[in-house]
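The values are calculated or read from the model by the stated rules, or taken from the named source; none is laboratory data. On a predicted model such as this, the values are computed, not experimentally measured, just so you know. We place every Cβ from the backbone using ideal geometry, glycine too, and count neighbours over all the protein chains shown. All accessible areas refer to the heavy atoms of the entire protein, side chains included, with ligands and DNA or RNA removed. Shrake-Rupley method; radii C 1.70, N 1.55, O 1.52, S 1.80 Å.
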Amino acid sequence: MTVLELPRRISPGKALQDGFTLAWRGVLKIRKNPEQLADVTLQPILFLLMFGYLFGGAIAGSTSAYLQVLVPGLMVQNTVFASMATGTSLNTDVTKGVFDRFRSMPIARSAPLIGAVVSDVVRYAVALAVLLVAGTIMGYRLHTDPGSLVVGVALMLLAGLCFCWIAVFVGMLMRSPGAVQGVMVAVMMPITFGSNVFVPSDTMPGWLRAWSDISPVSLLTEAMRGLLNGGPVAGPLLGALAWMAGIVAVFFPLAMRAYRRRVA
């Protein structure tokens with residue numbers, strides 16, 4: 001019987017190559033099980049219908065007027081929600097022993113983690129595309145130019161790649177996928193609803209407005225509204241980028257440490 005000797009050291013380039021190979025595995029899993037996209041296809045439409053038709057008249061005077069501020073905000077909220085699936089997916093692979101099989105292969109130990117994070121970009125893109133198409137059908141219109149829309153979509157993909165490290169950290173700590181989802185909903189729900197996605201910050205109590213004005217979700221929403229509807233972009237964009245850099249600076253090392261402990 002031939003015993004495969006695993007390499008002791010793997011170069012960063014080979015690790016990146018292995019990571020993209022496993023990212024393609026993640027994309028193929030989505031192609032074979034498209035129901036994995038249910039949360040990023042149905043949820044954007046449900047939020048758009050519920051908030052647009054139920055609260056549009058009360059908040060902005062009409063549904064069409066509310067859609068102009070709601071759609072850019074929902075792009076942020078759905079991207080943040082979509083990033084939660086990274087932790088759940090990783091926890092599922094760990095608990096099912098998939099990572100034990102990866103560990104017996106001549107690939108970088110970080111490759112499964114890189115693959116899971118990169119492949120989820122497809123989920124962010126699908127969520128944004130579904131929301132934009134549904135919003136356009138309901139009456140939302142781009143008020144700037146296609147170039148600004150491309151920049152906005154790129155900003156959302158970058159935001160998803162930053163926020164997902166919170167989910168990766170939680171996914172490596174929890175014992176089951178259900179626990180990961182429960183914790184992430186408890187964390188992300190207040191962050192997204194305690195923002196200016198659905199209502200202006202100046203209608204909130206003072207303590208909540210103080211948080212909403214500096215919230216990463218509010219800053220991303222303001223930047224997206226500026227890019228898609230016209231208005232200030234630089235100020236909220238710089239604030240949002242500072243938040244995203246901070247999230248990566250804190251949660252990337254924590255996630256990597258928890259990942260190494262979990263798969264050791």
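Converting phi to 3J(HN,Hα) with the Karplus coefficients 6.51, -1.76 and 1.60 and the offset θ = phi - 60°, the stretch 121-128 yields 4, 4, 5, 4, 5, 5, 4, 5 Hz in sequence order, with x at every glycine or proline. Per residue, the chain exposes 49 Å² of accessible surface when a 1.4 Å probe is rolled over the protein heavy atoms with every protein chain present. The long axis of helix 146-173 is offset from the longest Cα principal axis of the chain by roughly 50 degrees. Annotation: aspartates and glutamates with alpha-carbon distance below 19 angstrom to residue 29 (same-chain offsets under eight excluded): 18, 39, 93, 100, 120.
Normalised by the number of residues in the chain, the mean separation of alpha-carbon contacts (under 8 Å, six or more apart) gives a relative contact order of 25 percent.
Distant-in-sequence amide contacts of residue 110, defined by a placed amide H-H separation under 5 Å and a gap of 5 or more residues or a different chain, comprise nothing. What is the helix-to-structure angle for 177-193, meaning the angle in degrees between its Cα long axis and the longest Cα principal axis of the chain, kept from 0 to 90 and rounded to the nearest 10? The answer is roughly 30 degrees.
Taking each residue as 0.36 nm, the span from residue 16 to residue 207 lengthens on full extension beyond its C-alpha to C-alpha distance by 64.3 nm.
Modelled spin-label separation between residue 31 and residue 242, with each label point placed 7 Å from Cα along the Cα-to-Cβ direction: 4.4 nm.
Simple spin-label estimate for residue 137 and residue 179 gives 4.0 nm between the two label positions (7 Å along the Cα-to-Cβ direction from each Cα).
Spread over its residues, the convex hull of the C-alpha atoms of the stretch 157-264 is 111 Å³ per residue. Only protein atoms count toward the accessible area here, which uses a 1.4 Å probe; on the chain, the carbon and sulfur part of that area reaches 68 percent.
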